[in-house]
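Read the structure below first, then the notes.
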Amino acid sequence: MDIKLEFIRPWQNVANVYFKTDDISDSQAKVKWGFYNDVKYPMKVMRLFMNMEKMIGKDFEKGLAKLKEVMEK
C-alpha cells in the first residue's frame, strides 16, 4: 500500500509512504513500512538533528495496530 503523507509542521513537505506485507504462514504476515521524500537545503541539514521516529512513530504504530485489527477479521 502506498500513501502520500503531507507534513505541515515544522515545515511543509510531502513524503511517499509504503507498507509492504510478506506472508509468513497462513495466519501470519510480516509488515514493513517506511517513507522517502525529497528534502531541499537547508532542511536537509536540519533533518540530521531531528528524530523522525520520535516525531511520527506513534502515528505509524497506531496505523499498524489498526492494520492488524483489520487483517485479523
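The values are calculated or read from the model by the stated rules, or taken from the named source; none is laboratory data. Since this is a predicted model, take the numbers as computed values, not measurements. For neighbour counting, all protein chains shown are included, and Cβ atoms are generated from backbone atoms with ideal geometry for every residue, glycine included. Accessible surface is based on the protein model in full, side chains and every heavy atom, while ligands, DNA and RNA are left aside. Shrake-Rupley method; radii C 1.70, N 1.55, O 1.52, S 1.80 Å.
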Put a dot 7 Å past each Cα toward the Cβ at GLU6 and TYR41; how far apart are the dots in nm? 2.9 nm
Measure of exposure for ILE56: accessible area at 1.4 Å probe, Å² rounded to 10, is 20 Å²
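From the helices alone, meaning DSSP H stretches of at least four residues, give me the mean residue ellipticity at 222 nm for the chain, per-run term -39500 (n - 2.57), in deg cm²/dmol to the nearest 500.
Value at 222 nm, helices only: -10500 deg cm²/dmol.
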Taking chymotrypsin sites (Phe, Trp or Tyr not before Pro) as exposed when in a DSSP loop with at most 12 other Cβ atoms inside 10 Å, the chain has its longest clean stretch at 12-48
Förster radius 22 Å - calculated FRET efficiency between ASP22 and VAL70, Cβ distance, rounded to 0.05: 0.80
Just the ratio, please: alpha-carbon radius of gyration of the chain over 2.2 N^0.38 Å, N its number of residues. 1.32
